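The values are calculated or read from the model by the stated rules, or taken from the named source; none is laboratory data. In this text the structure is predicted, and so the values were computed from the model without any measurement. Positions of Cβ are backbone-derived with ideal geometry, glycine not excepted, and every protein chain shown enters the neighbour counts.
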Amino acid sequence: MKKVAIILSFLFLLNPSTYAAVEVKQFKNPEHEKRYKALIIELRCVVCQNQNIAESNAALAKDLRKQVFKMINAGESDDDILEFMVTRYGDFVLYDPQFNSTTFLLWVGPFIIFIIGLYILVSFIRQRKTFVVAELSNEDKEKLKQLLENKEQTK
């Protein structure tokens, strides 16, 4: 039993998450802390691309969190902070970018793709419906009858 406890302790020490640093920030008031948490969730990590800077452990995400913290303590508004981040890193840094000329395709693109896909689907279905079965002429029916009779005789 003692060996199992030693092995488990050793495995626990090898786990990299046990060494993860916890960022402790001292805010002037609870309102600043709420703003900070809301902003770091709203901002995307440019390195990770699928995580917000609150979840990411990338060096850039840590720097962005520090920058947001400094700007909040300096008295900057949320809009000023977001504008700073967009100016520096582009619209991609926002999970919910504003609708403008540069983000037009980002907002409208999925609808365009859906409409094109729907058009292709409808045209495909219509082509299947318009398939016409040709009637056999009397000559073709006779030839088919003879071929079937010859096949039966060969069996």
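Summary of computed values
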{"read-out": "Breaking point among (1) touching a Phe, Trp or Tyr at 6+ places or on another chain (Cβ under 7 Å); (2) aromatic (Phe, Trp, Tyr); (3) outside the structural domain of LYS28 (by TED's automatic domain parsing), for PHE111", "value": "(1)"}
{"read-out": "Yes/no for TYR36 being among the hydroxyl-bearing types (Ser, Thr, Tyr), at pLDDT 65 or above and within 30 Å of the chain's Cα centre (by Cα)", "value": "yes"}
{"read-out": "Selection status of GLU139, in a helix (DSSP H, G or I), loosely packed, with under 10 Cβ neighbours inside 10 Å and either outside the structural domain of VAL46 (by TED's automatic domain parsing) or out of contact with any helix residue (DSSP H, G or I) (no Cβ under 9 Å at 6 or more places or on another chain) (or both)", "value": "yes"}
